[in-house]
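The values are calculated or read from the model by the stated rules, or taken from the named source; none is laboratory data. What you see is a predicted model, and the numbers here were worked out from it, not measured in a lab. We place every Cβ from the backbone using ideal geometry, glycine too, and count neighbours over all the protein chains shown. Ligands, DNA and RNA are excluded from the accessible area calculation, which covers all protein heavy atoms including side chains. Shrake-Rupley method; radii C 1.70, N 1.55, O 1.52, S 1.80 Å.
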Amino acid sequence: MAPRLGERLVEEGILTAPQLEIAVRLSRERNESLVRTLVRERFVPEARLLEALARQQGLPFLTLRETVVEPAAVAALSARFVSHYRVMPVRLAGGVLTVALSNPFDLSAVEDIESSLGLRVASALACEADILESIQRHYGVGAETVERILADEPRQAAAGIVEPSHDLDLRADDASVVTLVNQLLQQAIADRATDIHFETYRDDVLTRRRIDGVLYDTPVSKQMATLYPAIISRIKLMAGLNIVERRLPQDGRARVTIAGQPYDLRVSVVPSIHGENIVIRILPTVMLFSLEHLGFSPAPLALLLDLLRLPHGIIFVTGPTGSGKSTTLYACLSRLNAREHKIITIEDPVEYEIKGIMQTQVNPRIDLTFARALRSMLRHDPDIMMVGEVRDRETAEITIQTALTGHLVFSTLHTNDAPSAAIRLLDMGIDPYLISSTVRAFLAQRLVRVVCEGCREWYEAGGRRMSRGRGCRQCNGTGYHGRVALCEVMTLVPQLQDLILKRTSAREIRDRAVKLGMVTLAADGWDKVAHGITTADEVLRVTFDTQPEAG
């Protein structure tokens, strides 16, 4: 096979003769197939190699994401079997099971299927990554571990016996609830998830992941519901929570290691009528906060950089939960973080630790509120302060007094757009003169998903040239990979200060700001659509609520 395959690849221009000579030598030294060596050494892309091999042997080559996988075929083989042999059943008809393989010369899987199930096997070729992805999609994350637990350790599974290691790279081959939880976390991080949701219902357990701001179902084994109490106990132990308490909400945190990279897990447990629900927020312990990498357009970025040079005043970042406000604030503070500056933050919670910045977390249970912490922190001689959120009049008044005494202050408000933020402060009872004299700018922002570069395609619609993602392995079929910020920066120039002093509506403030050159969230979004960065659907999704409040 090897000489014929190699010669065929050279004839088709897929491989050079020197590469073939090296690959043949290495495959003999390593005692591995030529196919494996060619892929390992990256002499030939796996898909091109398998397509050539399929033509040579008269076998079909499958792209599993585009192939209909029959449920009967999946039911014919266990998760443990397909995970061990790395094969994917595709079709079952007339006693013949079609199985996708990445190495057709390893016949052990075929022989085991035919001998144990009494089925004839028809082979097809597919890339190994496609096979593994298809196994996960059709059997579920950690399905083989679930089967092993239920088959080999039923009493341990039911009791929720776990081990204390928080290093997720350890015990990868151990069939235990520890391993199952580790696999769920590892896969979530590999898929760029920021949150994992475990939800229990009368007769089912639902697992979901938030990726690029959108929740997606996580494929898991239907049998995982049997292990749900043990999974809850394991997660609680990791986060230092009370595993006996099931009636009250609990919050905790844990630090885990994956591929040598540490992550902080924020764990929230809430009781429901059918059991306990858990949300795990995944936070890298090391983040590079850079304004230039947040996706701001040049004009708003230039305005924000100018604002950071101010000696005092307040800069408010506004937007709903999940709009990236905290990330923008951390990026601003990171840019200002220098030995000559004393920077203090008051947060709820502290999401990321930044060396050189004094960070305090509020704790309402002991009456450590934003307002109380802010009063105390002023005695620590700060130059720059960040107040995680202005929620009430007391916090707003102290924040304004802090700015009046010569400090640069950053904070957030929950409003739909920048002009509405001024109205929100007025509604809190803040004197319009104090707003005009202390607030330097309101920055509203949203996050939109970025079109995946691996599958981007251009098309014409309504006379506009736009892009979209077809869906590929890189973006997990969504057409998007990553997010960037849309923003509008409203600096309080004298004309806008006058409108605030007159207590005019948010609509009037917005109209004047636009006339003065403010780029709105929607306008920023459509500019990114024109540049192929995001899609029209994304812009409409995140800017539908940005009409100003009545004021």
Inset, instruction - Give the residue that is least open to solvent (accessible area, probe 1.4 Å), with candidates limited to residues of the range 347-364 that are among the aliphatic types (A, V, I, L, M) and either in contact (Cβ under 8 Å) with a residue 60 or more places away in the chain or part of a strand (DSSP E or B) (or both). - result: Ile354
Inset, instruction - State whether one or more residues within the range 99-111 are touching an Asp or Glu at 6+ places or on another chain (Cβ under 9 Å), surrounded by fewer than 21 Cβ atoms within 10 Å (Cβ to Cβ), in a helix (DSSP H, G or I) and not acidic (Asp, Glu). - result: no
Inset, instruction - Looking only at the range 52-66, count how many residues are more than 18 Å from Val121 (Cα to Cα) and without any contact (Cβ under 8 Å) to a residue 24 or more places away in the chain. - result: 2
Inset, instruction - Filter the range 345-358 for residues that are farther than 14 Å from Glu389 by Cα and in contact with a strand residue (DSSP E or B) (Cβ under 6 Å, 6 or more places away or on another chain) and give the result. - result: Ile357, Met358
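For every residue, the table says whether it meets (1) in contact with a Cys (Cβ under 6 Å, 6 or more places away or on another chain); (2) touching a residue at least 24 places away in the same chain (Cβ under 8 Å); (3) under 23 Å from Ala54 (Cα atoms); (4) among the aliphatic types (A, V, I, L, M).
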| site | (1), (2), (3), (4) |
| --- | --- |
| Val68 | no, no, yes, yes |
| Val82 | no, yes, yes, yes |
| Met88 | no, yes, yes, yes |
| Ala100 | no, yes, yes, yes |
| Asp106 | no, yes, yes, no |
| Ile113 | no, yes, yes, yes |
| Ser123 | no, yes, yes, no |
| Ala129 | no, yes, yes, yes |
| Ile135 | no, yes, yes, yes |
Legend entry - Matching residues in the range 210-241 - criterion: being part of a loop (DSSP other than H, G, I, E, B) and either surrounded by 13 or more Cβ atoms within 10 Å (Cβ to Cβ) or touching a Leu at 6+ places or on another chain (Cβ under 9 Å) (or both): Asp212, Gly213, Thr218, Pro219, Val220, Ser221, Ala239, Leu241
Legend entry - Residues located in the range 244-264, provided they are in contact with a Lys or Arg (Cβ under 7 Å, 6 or more places away or on another chain) and open to solvent by 60 Å² or more (accessible area, probe 1.4 Å): Arg253
Legend entry - Among the candidates Phe296, Phe289, residue that is touching a helix residue (DSSP H, G or I) at 6+ places or on another chain (Cβ under 6 Å), part of a loop (DSSP other than H, G, I, E, B) and either without any contact (Cβ under 8 Å) to a residue 12 or more places away in the chain or closer than 28 Å to Ala485 by Cβ (or both): Phe289
Inset, instruction - List the number of the failed condition for Gly13; all other conditions in (1) part of a loop (DSSP other than H, G, I, E, B); (2) of a type outside the set (D, E, K, R); (3) in contact with a Leu (Cβ under 9 Å, 6 or more places away or on another chain) hold. - result: (3)
Legend entry - Breaking point among (1) open to solvent by less than 60 Å² (accessible area, probe 1.4 Å); (2) small (Gly, Ala, Ser); (3) under 30 Å from Cys452 (Cβ atoms), for Ser272: (3)
Legend entry - Hey, Ile344 crowded, with 19+ Cβ neighbours inside 10 Å, among the β-branched types (Val, Ile, Thr) and farther than 29 Å from Ile533 by Cβ or not: yes
Inset, instruction - Identify the residue in the range 496-551 that is in a loop (DSSP other than H, G, I, E, B) and aliphatic (A, V, I, L, M) and, among all such residues, is nearest to the chain's Cα centre (by Cα). - result: Ile533
Inset, instruction - Kindly indicate whether Gly140 is more than 27 Å from Ala52 (Cβ to Cβ) and at pLDDT 85 or above. - result: yes
Inset, instruction - Taking the residues in the range 77-89 that are part of a helix (DSSP H, G or I) and open to solvent by less than 30 Å² (accessible area, probe 1.4 Å) as candidates, determine which candidate is nearest to Val121 (Cα to Cα). - result: Val82
Legend entry - Ala418, sole failed condition from (1) surrounded by fewer than 22 Cβ atoms within 10 Å (Cβ to Cβ); (2) under 15 Å from Val317 (Cα atoms): (1)
Inset, instruction - Identify all residues within the range 20-43 that are among the hydrophobic types (A, V, I, L, M, F, W, C) and under 15 Å from Ala126 (Cα atoms); write none if there are none. - result: Val35, Val39
Legend entry - Sole exception among (1) touching a strand residue (DSSP E or B) at 6+ places or on another chain (Cβ under 7 Å); (2) modelled with pLDDT of 95 or more; (3) open to solvent by 20 Å² or more (accessible area, probe 1.4 Å) for Glu389, by number: (2)
